Amino acid sequence: MRGKMKASVVAAALLLVVGAAFLGGQSAAQGDADAKARITKPGDYTYTIEHDSLRREYIVHVPARYNAANPTPLLISLHGGGAHMQYQASDENYGQISKSERENFIVVFPNGYSRMPSGKLATWNAGDCCGPARNRNIDDVGFIRQVVGNVTQQLNIDRQRIFATGMSNGGLMAHRLACEMADTFKAIAAVAGTDNTRVCSPKNPVSVLLIHAKNDNHVLFEGGAGEAARGSQVNSFTSVPETISRWVRRDGCSAAPKRVLDKPGAYCDKYAGCQGNAEVELCVTETGAHSWPGARKTRGEAASTAISANDVMWDFFMGR
């Protein structure tokens with residue numbers, strides 16, 4: 001729910017009661033107070049906070065079956081580079097609101113760093129990617145940590161089931177969260193985004209799922225940047241095999257990969273025998289290029305329908 005700043009303190013207090021977020025002209029203190037007020041009803045809530053002297057925004061979706069008496073899983077969902085939180089939150093694009101309703105988990109859509117007042121064309125500082133967020137060394141890890149802290153005060157969150165996912169630049173950012181917030185995230189799922197972190201020393205093992213198209217024309221499967229990656233200001237992305245190899249080493253996985261899904265157009269290989277009961281899984285689609293498998297609306301090549309990214313990742317998360 002969006003609300004403009006009112007002149008009177010009384011009016012502002014009334015807005016706080018219904019969980020409104022002040023998206024324009026508010027002070028940091030008022031924004032932070034908003035984002036820590038308890039959420040008691042299902043619905044969508046948009047918040048603005050100040051982090052590291054920057055105005056940052058995010059959307060919280062609370063499913064209809066949420067019960068404050070029961071600890072509920074939390075998913076942080078990160079948009080792609082040059083996109084916006086509302087694009088990621090669109091059910092037509094990614095279907096995560098519908099998945100949240102079916103599985104009864106809370107999903108949060110943060111907005112990346114944008115130089116525009118609208119928050120559009122936002123990017124994430126995922127290490128060696130991407131754009132203005134990387135160039136300005138934006139503290140996106142600190143921002144996500146603050147968002148998670150706020151949401152866990154507002155809602156009854158299952159602290160053992162906090163997950164992150166992302167598309168493209170958002171997927172790259174999910175890898176960074178696994179590296180630097182392994183104390184918070186039990187597992188991450190990156191779609192069309194490999195590990196471009198500069199330093200990675202997780203405090204404890206974290207489960208990692210990577211979903212990637214063999215013909216991705218942006219983040220190339222075997223490494224490098226495709227023609228579609230020009231706007232990311234990245235010369236080369238880490239390959240999919242190298243990304244999986246890194247996480248297998250970090251998590252201390254000892255067993256050989258096992259094929260857990262094999263169907264026309266897609267396969268999934270899972271590495272078990274990892275420390276802390278972590279798992280590393282790779283799901284590959286033959287088609288779809290740089291898209292979210294199972295999405296109804298895509299730009300460029302149609303998304304693969306061989307698997308649903310939402311279904312595969314939620315099964316992976318719930319197995320933790």
Space enclosed by the convex hull of the alpha-carbon atoms of region 32-133, per residue, Å³
114 Å³
Relative to the longest principal axis of the chain, what angle (0 to 90°, nearest 10) does the C-alpha long axis of helix 169-180 take?
90 degrees
In deg cm²/dmol and to the nearest 500, what is the mean residue ellipticity at 222 nm of the chain if only DSSP H runs of at least 4 residues count, each as -39500 (n - 2.57), divided by the residue total?
-7500 deg cm²/dmol
Candidates 199, 248, 141: whichever shows maximal mean-square fluctuation once the chain is modelled as a Gaussian network with Cα springs under 10 Å
199
Built amide H within the under 5 Å cut-off of residue 81, gap 5+:
169, 170
Whole-Å distance linking the alpha carbon centroid of region 165-234 with that of region 258-320 is 14 Å
Whole-Hz Karplus ³J(HN,Hα) for region 82-92, in order, using 6.51 cos²θ - 1.76 cosθ + 1.60 and θ = phi - 60°, x for Gly and Pro?
x, 9, 7, 4, 5, 5, 5, 7, 5, 5, 5
Using just the alpha carbons, could you tell me how many Å³ per residue the convex hull of the chain encloses?
116 Å³
Cα to Cα, under 16 Å, and not fewer than 8 places away if on the same chain: which aspartates and glutamates meet these conditions relative to residue 41?
101
Angle between the chain longest axis and helix 309-318 axis [Cα atoms, degrees, rounded to 10]
80 degrees
By average Cβ neighbour count within 10 Å, what is the ranking of 84-95, 35-46 from highest down?
84-95, 35-46
Just want to confirm a number: the relative contact order over the chain, from Cα pairs under 8 angstrom separated by 6+ residues, in percent.
13 percent
Packing-based ranking, highest mean first, of 255-265, 304-314 given that Cβ atoms within 10 Å are counted
304-314, 255-265
Using θ = phi - 60° and Karplus 6.51 cos²θ - 1.76 cosθ + 1.60, couplings along region 293-302 (whole Hz; Gly, Pro as x)
x, x, 5, 7, 10, 9, 9, x, 4, 4
Taking every DSSP bridge whose two residues both lie in the chain, the antiparallel percent to the nearest 5 is 50 percent
Residues meeting the amide H criterion for residue 281 (H placed from the backbone, H to H distance under 5 Å, 5 or more places apart or on another chain) are 208, 209, 210, 271
Over 24 Å (Cα to Cα) - which of 120/214; 120/203; 203/270; 99/203 fall in this group:
120/214; 120/203; 99/203
Taking amide H positions as placed 1.01 Å from N in the peptide plane, with prolines and chain starts having none, which residues 5 or more places from residue 260, or on another chain, fall under 5 Å of its amide H?
268, 269, 270
Net +/- balance of residues flanking residue 183 in space, Cβ distance below 13 Å, scoring K and R +1, D and E -1:
+3
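Bear in mind that the values in this text are calculations on the coordinates, not laboratory data. Quick caveat, the model's predicted, so the values are computed rather than measured. Neighbour counts run over all protein chains shown; Cβ positions are idealised from the backbone, glycine included.
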